[in-house]
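Novice: Please see the structure below; I have some questions.
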Amino acid sequence: MAGEYPIGRLAAGAAACHNSGIVRPLALVIIGLLVATGTSKAEPPPVPTGDPAVDGAWSHPELSSYPPPRHRYALVYDSIHHRVILYGGLGADGDRTYDDVWALDLDDPKRWEQLPVRPADDVGFATLVLPRADVLAVYDDRRDRLWIWGGVNHTGAILGDPCYLQFTPVEGELAAWHSAVPELEPGTGQRPAPRRAAAFAWDETGRRIIFHGGTTAGSAAGGTWALALEDPPGWQSFGAPSPFPGGAVRANLHVDPITDRLILHGALDPEGFWSPEIWTLPLDNTGSWTQARQSGESALVNVPVTSVIDPRDRRLIAMASGATEVLGHPPATVGVWAWDIATGAWSELHPSGDAGPPDGVSLLRDPRRDRLVAVRNQPGKPIDTWFLSWTRSPVDPDAEGRTTIWRIGPARLTAAGDGIEIPFLLSAATRVVGAVHDLEGKLVRRLDEAKLPAGSWTFVWDGRDESGASVPPGFYDVMLTRLDTGAVGKLRVAREK
């Protein structure tokens, strides 16, 4: 039996059944489970092809509709609706910026569809400057929101107003933009200067957007900041100075959930050189930026780069993000590359299947299908889309062999009847973190994170909030997240008197 454990404790083995005669203060309804992983590369013949389980395979579907040509847009993964969201961007001639929102359904990718959105002035935010390029954008899966900050409009004005697009499950209702006014950083009373082209990442555990560098007021911006999306949101600064004294522009920033580090990769330095350096910084803001070791050869030198983390194989997957032929690197010589996070070794991937992208793209990972999504990001060229998929074994397949569900639960009462136990199975060692939220998305209780070996485990919540008080009657969402794959298990709990 799990016994009397503190909040968020994980217990090995299965817990004993509860006494069926106990009056239950918690009624449990499983509302949904999510999950998964993945990514890799491609090249036109006569480049050799490799093992699809390691190198992947390209597919290039012919879609029936696309957004108008643009570049320097924002591309994010919407985990609730399993879709890619494309926002904003700069027109081919540079004389306009966009504020439209497009989506590609990853369960049935046949077309890009423009999402209907209420005009900002209809919801009382006529002063919001929404058309922008080089914008920071993330998706908040707890509140079903697209957050944006920074960027530049067609006049060259750099923006600094955070705002979010609230999606709605109600049929017939339109998504609507809302302004946000984060609290200034405690102790310093500061906030970051408006900026464009910053590197950014989503920290799921800390529920915050982290960003580094970019440009502001005509010069490079240094420093690392975070926007915590609690209620209310607030600014946080990292004390570590930038590894690039004059700032870093158009870099890639990733959160490594296994080592709790930021990984900064592929920055345009103040000298105008695309740096191949990779730097890391502890997430807890206790250290400084440290240059990561690299070995082997890579064609991604003085080339604008886009990269994503592949948590299954603990590597970065990188491709060219800009007009590489202008820099003297024809697309056929750039390819797709992998950097081993543990060893620091670079290796080229040789995907099979269709020909891959002929020029620069934006990348994101589709964790449910263990694949990458590559979307063309070039001035005046169509928003073409490719998929790079692997034939790897599932993370945690269910009885039907699907790879999209991490099985957790069923939830049950503790022996004392005052909490819940959530059993789950890990097929490989990983870290697991949990949280409890109310239906407005407000954090009720943060559950302890633990690094666990493979096996059967039980997550226990005692039904109390952060202050230790018993939560009032109502519905609550319990979320467990695998930090190696991004897999999320969700349970809805009805607290009764």
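Novice: Given the condition at pLDDT 50 or above, surrounded by fewer than 19 Cβ atoms within 10 Å (Cβ to Cβ) and part of a loop (DSSP other than H, G, I, E, B), answer yes or no: does some residue in the stretch 81-88 qualify?
Specialist: Taking every residue of the stretch 81-88 in turn, at least one turns out to be at pLDDT 50 or above, surrounded by fewer than 19 Cβ atoms within 10 Å (Cβ to Cβ) and part of a loop (DSSP other than H, G, I, E, B).
Novice: Suppose we filter Phe211, Phe244 for residues that are modelled with pLDDT under 80 and either part of a strand (DSSP E or B) or surrounded by 20 or more Cβ atoms within 10 Å (Cβ to Cβ) (or both); which single one remains?
Specialist: Phe244
Novice: Here's a follow-up. State whether the residues of the stretch 41-64 include one that is in a loop (DSSP other than H, G, I, E, B), of a type in the set (D, E, K, R) and modelled with pLDDT of 90 or more.
Specialist: yes
Novice: A follow-up question, please. Quick one: Arg368 ticks every box in (1) crowded, with 18+ Cβ neighbours inside 10 Å; (2) over 22 Å from the mean Cα position of the chain (by Cα); (3) at pLDDT below 90 bar one, so which box is it?
Specialist: Just one mismatch for Arg368, condition (2).
Novice: Now for a separate question. Please tell me if Glu173 is within 26 Å of Tyr66 (Cα to Cα), of a type outside the set (Ser, Thr, Tyr) and modelled with pLDDT of 95 or more.
Specialist: Against the criterion (within 26 Å of Tyr66 (Cα to Cα), of a type outside the set (Ser, Thr, Tyr) and modelled with pLDDT of 95 or more), Glu173 does not qualify.
Novice: Out of the residues in the stretch 435-461 that are over 23 Å from Pro232 (Cα atoms) and surrounded by fewer than 20 Cβ atoms within 10 Å (Cβ to Cβ), which is modelled with the lowest pLDDT?
Specialist: Per the stated criteria, the residue is Glu449.
Novice: Of all residues in the stretch 286-303, how many are surrounded by 14 or more Cβ atoms within 10 Å (Cβ to Cβ), over 16 Å from Ala248 (Cβ atoms) and at pLDDT 90 or above?
Specialist: Qualifying residue count, the stretch 286-303: 1.
The values are calculated or read from the model by the stated rules, or taken from the named source; none is laboratory data. The structure presented is a predicted model; accordingly, all values stated were derived computationally and were not measured. Because the Cβ atoms are built from the backbone with ideal geometry, glycine has one as well, and the counts that use them run over all protein chains shown.
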